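Note sheet for the following structure.
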Amino acid sequence: MTEYWPWWLGGLGLGAVVVGFRLLVGRPLGVSGSWAKVAFWRREAAAAREAAAMADNRAAAQDAFLAETLAEFGEDAVAQLGMEAPAAEKPAPAAAREAVPPAAHLVFLLSIFAGALLMAVVAGDFSPRLELSDLHTALAAGSPWQVWFSLFMGGLMVGVGTQMAGGCTSGHGLSGCAMFAPTSLLATAAFFASAVAVSLVLELLYRAGGGA
Amino acid sequence: MKQYLKYAAMGLAMGAVLQRIGFADYDEVHRMFIFSDLRLLFTFVLAVAFSATVFFALRLLRGMAYEPKPYHPGVVPGSITFGFGWAICGACPAIVFVQLGEGKIAALATLAGILLGVRLYRVLHARYLQWDTGSCGI
């Protein structure tokens with residue numbers, strides 16, 4: 001196994017990924033967002049199709065909105081809208097971006113896997129094994145069943161937690177903190193603090209049990 | 001098609017960089033969280049500092065949009081839950097793919113957990129929590 005990158009090289013590399021993603025894709029990097037899109041594939045695919053159709057045909061979209069408004073609020077509301085019609089002629093705001101189909105998000109997630117696989121093979125870090133690491137097995141106290149169960153439960157908390165918080169290490173931790181977004185700074189402080197607390201407890205239990 | 005290529009290129013770069021940093025190595029991550037080895041912490045802080053500098057420059061020079069995530073009641077409890085899980089499985093949503101790329105087959109359990117968790121949260125949110133997250137869906 002080769003040595004990992006020193007902090008300055010890793011930091012610059014990771015920072016370049018964050019900046020590169022923002023510039024190339026045009027959105028802030030956020031992996032848990034991609035997870036959500038992939039996990040709710042059917043709904044997201046339908047939404048992306050509708051958004052694409054609307055972008056293709058703004059006139060049809062406007063007619064559809066008008067028909068809905070008529071059905072919901074009646075003639076008066078439409079007449080009121082008529083006075084504001086020129087406003088609707090403005091070009092789409094810059095914030096309205098091309099819709100991203102869930103398949104693109106899946107490609108992103110699978111590419112993370114592929115990139116890591118390639119790099120691991122090149123660096124000589126690739127070694128198939130059924131456990132995560134010796135230390136993890138020791139901390140999880142044991143049998144393969146316990147190791148896999150702890151990973152599943154940990155993953156469950158990661159899934160629920162990141163969706164609840166609206167971001168993860170990449171979305172809040174990297175992109176959000178790099179924009180000095182208050183919500184992201186708070187989220188990052190919270191998940192680091194809880195990870196530190198849990199890790200310290202695991203470590204203490206391990207040492208109390210006679211581990212190194 | 002172009003969109004797919006962009007996502008693929010960034011995914012490959014991210015996976016490769018994360019592998020070389022050692023962010024997918026449970027031992028390294030655990031040592032960061034118990035403060036016995038600060039290499040990963042410095043890596044993370046430098047990555048944030050570097051991107052913050054570039055983003056700040058782009059905002060000043062090119063008028064890049066400032067897009068902070070909105071605050072809502074789920075931010076803190078969600079992050080605490082996430083940190084709890086991260087300490088146990090050594091993976092955040094990107095890292096699980098890096099672990100699988102390194103041949104850590106056990107990360108399949110983490111993958112299944114995250115997928116279930118992501119879907120489970122949507123149900124919890126729609127049925128019980130229902131606060132405004134500032135975006136459509138979640």
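The values are calculated or read from the model by the stated rules, or taken from the named source; none is laboratory data. As the structure is a computational prediction, the values presented were derived from the model and not from experiment. Neighbour counts run over all protein chains shown; Cβ positions are idealised from the backbone, glycine included.
Summary of computed values
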read-out	value
Top-ranked residue of region B:14-64 - restricted to ones that are of a type outside the set (A, V, I, L, M, F, W, C) and not in a helix (DSSP H, G or I), ranked as surrounded by the most Cβ atoms within 10 Å (Cβ to Cβ)	B:Asp25
Yes/no for A:Leu204 being within 7 Å of another protein chain (Cβ to nearest Cβ) and either out of contact with any Phe, Trp or Tyr (no Cβ under 9 Å at 6 or more places or on another chain) or hydrophobic (A, V, I, L, M, F, W, C) (or both)	no
Within region B:46-71, tally of residues that are more than 7 Å from chain A (Cβ to nearest Cβ) and in contact with a Gly (Cβ under 8 Å, 6 or more places away or on another chain)	1
Any chance A:Phe149 is touching a helix residue (DSSP H, G or I) at 6+ places or on another chain (Cβ under 7 Å), among the aromatic types (Phe, Trp, Tyr), farther than 13 Å from B:Gly78 by Cβ and without any contact (Cβ under 8 Å) to a residue 60 or more places away in the chain	no
Number of positions in region A:124-140 that are facing another protein chain (nearest Cβ under 7 Å) and in a helix (DSSP H, G or I)	2
Residue match in region A:151-162 (condition: of a type in the set (Phe, Trp, Tyr), within 25 Å of A:Ala39 (Cβ to Cβ) and in the same structural domain as A:Ala36 (by TED's automatic domain parsing))	no
Residue list for region B:12-39, restricted to those being touching a Gly at 6+ places or on another chain (Cβ under 6 Å) and either more than 20 Å from A:Ala193 (Cβ to Cβ) or more than 8 Å from chain A (Cβ to nearest Cβ) (or both)	B:Leu12, B:Gly15, B:Ala16, B:Val17, B:Ile21, B:Val29
Number of the exception - A:Thr2 against (1) over 18 Å from the mean Cα position of the chain (by Cα); (2) at the interface with chain B (Cβ under 8 Å from one of its Cβ atoms); (3) in contact (Cβ under 8 Å) with a residue 24 or more places away in the chain	(2)
Residue check for A:Gly13: at pLDDT 90 or above, assigned to a helix (DSSP H, G or I) and touching a Phe, Trp or Tyr at 6+ places or on another chain (Cβ under 8 Å)	yes
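Yes or no, residue by residue, for (1) on the phi < 0 side of the Ramachandran plot; (2) without any contact (Cβ under 8 Å) to a residue 40 or more places away in the chain; (3) at the interface with another protein chain (Cβ under 7 Å from one of its Cβ atoms); (4) surrounded by 24 or more Cβ atoms within 10 Å (Cβ to Cβ):
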position	(1), (2), (3), (4)
A:Met153	yes, yes, yes, no
A:Gly159	yes, no, yes, yes
A:Ser175	yes, no, no, yes
A:Ala181	yes, yes, yes, no
A:Leu186	yes, yes, yes, no
A:Phe192	yes, yes, yes, no
A:Ala197	yes, yes, no, no
